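The values are calculated or read from the model by the stated rules, or taken from the named source; none is laboratory data. Small disclaimer: the values here were computed from a predicted structure and weren't measured. So basically every Cβ, Gly included, is an ideal-geometry build from the backbone, and we count neighbours across all protein chains shown.
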Amino acid sequence: MKNTLKNVFHSPRFLVGFIIFMCILLTVLIYPYFVHRDPLQGLGKGFLAPGTYVSVYDTNNTGTYRVELPEANDNRLEASVPVKDRQTMLDFLKAKGTDITGLDTSNEHFHELIEVWRANYDEADAKKNKYEGFATQAKRNELRRLNNRLSSDVNAAMTVTKGEGDDATTAAVATSDYVKVDEVANALTLPLGTDNFGRDTLTELVKATGISLLVGLLAGSIATFIGLAVGLLAGYVGGVVDDVLMFIANIFTVIPGFVLLILIYSALGAESRSITTCAVIIGITSWVWTARSVRSQVISLRNRDHVNLSKLSGHSLIRIVATDILPYIMSYVVMAFILQVSSGILAEAQLSMLGLGPNPNELPTLGLMMNWAKLFGAYTSSNAWWAYFPVILVIALISFSLNLMNTGLDQVFNPTLRD
Amino acid sequence: MTKGMRKYFKKKIFWFVITFIAAVVLNFILPRLMPGDPVNSIVGKNISPGATQEQVQEQITYYKHQFGLDKNIFGQFWDFVKNAFNGTFGVSYSQYPRLVSDIIGSSIWWTVALQLPAILVGWLLGNLLGALAAYKRSFYDKALMPLTLFFSAIPAFGASVILLVIFAVTLGWAPVNGAFDPGMIPGFNWKFISSVIAHYQLPFWSIVLISIGGQAVGMRSMSIYELNADYVKYARFLGIKDKKIVRYVFRNAMLPQVTGLAMSIGSMVGGALVAETIFSYPGLGMSMYAAINSSDYPVISACTLIITIMVLIASFMLDIIYAFIDPRVKAAQFD
């Protein structure tokens, strides 16, 4: 046993897979101790991009510090004209026939772009010539507003008023006034932004990973347990038991597991689909392959000498199975279990994407997060990569690590594959 | 036909019939276990607000009669089987009074036209790559193996979403969803066909890409297994040319891949579910998705029955074909 474990951990593939899996597991276990937020609590409205959010209101009540940043002016100007507007400027210049080689929407060329724009844009001219793509009044107004924004002073005076009526005090805000983020009463860092419900995606993702792992482990355990029991019984006892069990297994093989899942899940209805029910159903529809392989291995073991000796010594069936048969198929069962866990997680995710996932009001799962991202247009209209890409990455990492562990084990236990 | 052969086919046909019956029964029973009455929700949707209790009751009896739900369970089963065999599959709940066969008939061709070529192309390319990877191992194992392992771990829906975002949303090379431009009337003209081709690209290549990964990994390990087999060593000792050995090796390695191809053609509709829902492609997968979300059980049953029957036929055909092409099966079963 000790030697086997040593061998297993000497396999680089297994080790890498094991480390990745443990990292995911540890993150899931430790994260709640650092962030106490409820994963389903809505913090904002709709998708918020990743970043640090600082309360505008509270910045007024913190101390101000004088910082002279040499590029402050440039940064302000750049921030006031987003990439979309820069593209509009380029489009207009192109339509007018100006040479725009070397110009693009990047920050490096922004100043050159503004210079070319100032030299070429004229409101009256744009109105008279009706350049292609800018012929409508609305388009021309857009250009005019853009030009006004560019020519206005980005360092215009700004004041802040506190209080109301007679108590109101007004203070000027200088361009060199800064606040320290830790002093602001309400600041929130969202490393992965928020999803469509305004939930903190990272917290939700960690919780969902935990739940999905649980679903996978439970489904995998059930599938492996049933498969092992059926395989051992059918293989060792044989006869009528074998016929009956293989009859059931045959039916389960030919009717695709996914179809059974869809039928059972839709028959249950959304409210009665708890996380546990989902895992149990995935488990009881995916035991067939394990049962078949265990059975064929047991049949080849059944007539070995050591088993016959055990039988002659009058050992009970349970003892023979536990000491003379199980140890020989254990490595295979562990490998099958690992694959079952990985396919259980995938099955949950796919079912959830079809709208057949666990009850969405209870807990998040990776599949539910994918489903929400799809339903609320994260990959089309909202373009919120943070709502789905990390989820895909986590699913891929989990199955990657489990597959690595599996091939690692395969190499250790099946030496013919080793080279 | 020898006696053994006849026995083999009899056994296979017996199993085919038994599983077929089990599939039909399951497809009938499972949807009927669901909580809630489909008739109530239809009546709730269609009835005018001022209706009296009697009118509501009348409506309920009417729809129950229409769907055959006023019969006992055996009568309902008989209807189900009858409808399945005459090909109508009954009446849809959510799109009443449309026939289920009408809904399926308008969508299944999109699925077949999308999936069949994609599966074939993916299978061919994947097997070529896998065989190449097995033959030129040193280069592949060092350079590509870890990458392939990671990329093959990305689930199919994840890969489709990433392709959609990169090529349709960000680069704008392909349309985001549908099978043709909305507002276009299907017809045999150049404008419509070009629109269909443009919409076809992304779902097609995403299925090809996904199946390449799976096939290549399988083909590679099968080929390596065969390359290390005793008969290859023996053939080398005999001095048979490498070219000839390779032909034998890949022919043997292909056998399980043929199974894979037949099974993926058989489970085509089930495999289409996720890709079609992501690209909103109006195939059978999308019909099923819509049916699931509106609890339209006749449509769900019909789709799952079609999937099951296709898988059943595929595996039955495989058993028959194998009996002829694989001498090992022949030896084991016929004697």
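Any idea which of A:347, A:396 is modelled with pLDDT of 85 or more, closer than 16 Å to residue A:218 by Cβ and not acidic (Asp, Glu)?
Result of the check over A:347, A:396: A:347.
Every test in (1) among the small types (Gly, Ala, Ser); (2) buried (at least 21 other Cβ atoms within 10 Å of the Cβ); (3) more than 8 Å from chain B (Cβ to nearest Cβ) is passed by residue A:399 save one, and that test is (3).
Of everything in the stretch B:195-235 that is free of Cβ contacts under 8 Å to residues at least 12 places away in the same chain and charged (D, E, K, R), the residue that is farthest from the other protein chains (Cβ to nearest Cβ) is B:233.
Scanning the stretch A:50-84 for residues that are touching a Ser or Thr at 6+ places or on another chain (Cβ under 7 Å), assigned to a helix (DSSP H, G or I) and touching a residue at least 24 places away in the same chain (Cβ under 8 Å) turns up just one, A:72.
The single condition among (1) modelled with pLDDT under 80; (2) touching a Phe, Trp or Tyr at 6+ places or on another chain (Cβ under 9 Å) that residue B:99 does not meet is (1).
Residue A:316 passes every criterion in (1) within 11 Å of chain B (Cβ to nearest Cβ); (2) more than 21 Å from residue A:9 (Cβ to Cβ); (3) out of contact with any Phe, Trp or Tyr (no Cβ under 8 Å at 6 or more places or on another chain) apart from (1). Checked against the criterion of being in the same structural domain as residue B:229 (by TED's automatic domain parsing), closer than 30 Å to residue B:264 by Cβ and surrounded by fewer than 17 Cβ atoms within 10 Å (Cβ to Cβ), the candidates B:163, B:147, B:114 yield just one match: B:147.
Screening the stretch A:402-419 for residues that are part of a helix (DSSP H, G or I) and facing chain B (nearest Cβ under 10 Å) and picking the one that is modelled with the highest pLDDT gives A:402.
Note on the stretch A:262-312: residues that are hydrophobic (A, V, I, L, M, F, W, C), away from chain B (no Cβ under 14 Å) and in a loop (DSSP other than H, G, I, E, B) amount to 1. Residues considered: B:262, B:290, B:275, B:235. Of these, the only one that is under 21 Å from residue B:95 (Cα atoms) and outside any loop (DSSP other than H, G, I, E, B) is B:290. Go through the stretch A:183-233 and give me each residue that's out of contact with any strand residue (DSSP E or B) (no Cβ under 7 Å at 6 or more places or on another chain) and of a type in the set (Ser, Thr, Tyr). Across the stretch A:183-233, the qualifying residues are A:203, A:209, A:212, A:221, A:224. Answer yes or no as to whether residue B:278 is buried (at least 16 other Cβ atoms within 10 Å of the Cβ), within 17 Å of the chain's Cα centre (by Cα) and over 27 Å from residue B:313 (Cβ atoms). Considered against the rule, which asks whether it is buried (at least 16 other Cβ atoms within 10 Å of the Cβ), within 17 Å of the chain's Cα centre (by Cα) and over 27 Å from residue B:313 (Cβ atoms), residue B:278 comes out as yes.
For the stretch B:1-24, a tally of residues being more than 14 Å from chain A (Cβ to nearest Cβ) and polar (S, T, N, Q) returns 1. Just checking, does the stretch A:336-343 include any residue being under 13 Å from residue A:228 (Cβ atoms) and either without any contact (Cβ under 8 Å) to a residue 60 or more places away in the chain or more than 31 Å from the chain's Cα centre (by Cα) (or both)? Looking through the stretch A:336-343, none of the residues is under 13 Å from residue A:228 (Cβ atoms) and either without any contact (Cβ under 8 Å) to a residue 60 or more places away in the chain or more than 31 Å from the chain's Cα centre (by Cα) (or both). Listed by first and then second residue, the pairs linking a residue in the stretch A:273-284 that is surrounded by fewer than 22 Cβ atoms within 10 Å (Cβ to Cβ) to a residue that is of a type in the set (Val, Ile, Thr) and not in a helix (DSSP H, G or I), with Cβ atoms under 8 Å apart and 6 or more places separating them unless they lie on different chains, are A:275/A:365.
When B:168, B:253, B:174 are checked against the criterion of being surrounded by 12 or more Cβ atoms within 10 Å (Cβ to Cβ) and assigned to a loop (DSSP other than H, G, I, E, B), B:174 stands alone in meeting it.
Residue-level check: of (1) more than 18 Å from residue A:174 (Cβ to Cβ); (2) without any contact (Cβ under 8 Å) to a residue 60 or more places away in the chain; (3) assigned to a helix (DSSP H, G or I); (4) under 41 Å from the mean Cα position of the chain (by Cα), residue A:101 misses just (3).
Just to verify a result, which residue in the stretch A:134-154, among those that are exposed (fewer than 12 other Cβ atoms within 10 Å of the Cβ) and not aliphatic (A, V, I, L, M), is modelled with the lowest pLDDT? Among them, the one singled out is A:153.
Every listed requirement among (1) within 14 Å of another protein chain (Cβ to nearest Cβ); (2) more than 14 Å from residue A:212 (Cα to Cα); (3) within 31 Å of the chain's Cα centre (by Cα) is met by residue A:352 save one, (2).
Of the residues A:352, A:310, A:316, the single one that is crowded, with 23+ Cβ neighbours inside 10 Å and without any contact (Cβ under 8 Å) to a residue 40 or more places away in the chain is A:352.
Taking the criterion of being more than 30 Å from residue B:31 (Cα to Cα), modelled with pLDDT under 85, within 14 Å of chain A (Cβ to nearest Cβ) and in contact with a helix residue (DSSP H, G or I) (Cβ under 9 Å, 6 or more places away or on another chain), would at least one residue in the stretch B:84-93 satisfy it? Scanning the stretch B:84-93, I find no residue that is more than 30 Å from residue B:31 (Cα to Cα), modelled with pLDDT under 85, within 14 Å of chain A (Cβ to nearest Cβ) and in contact with a helix residue (DSSP H, G or I) (Cβ under 9 Å, 6 or more places away or on another chain), so the answer is no.
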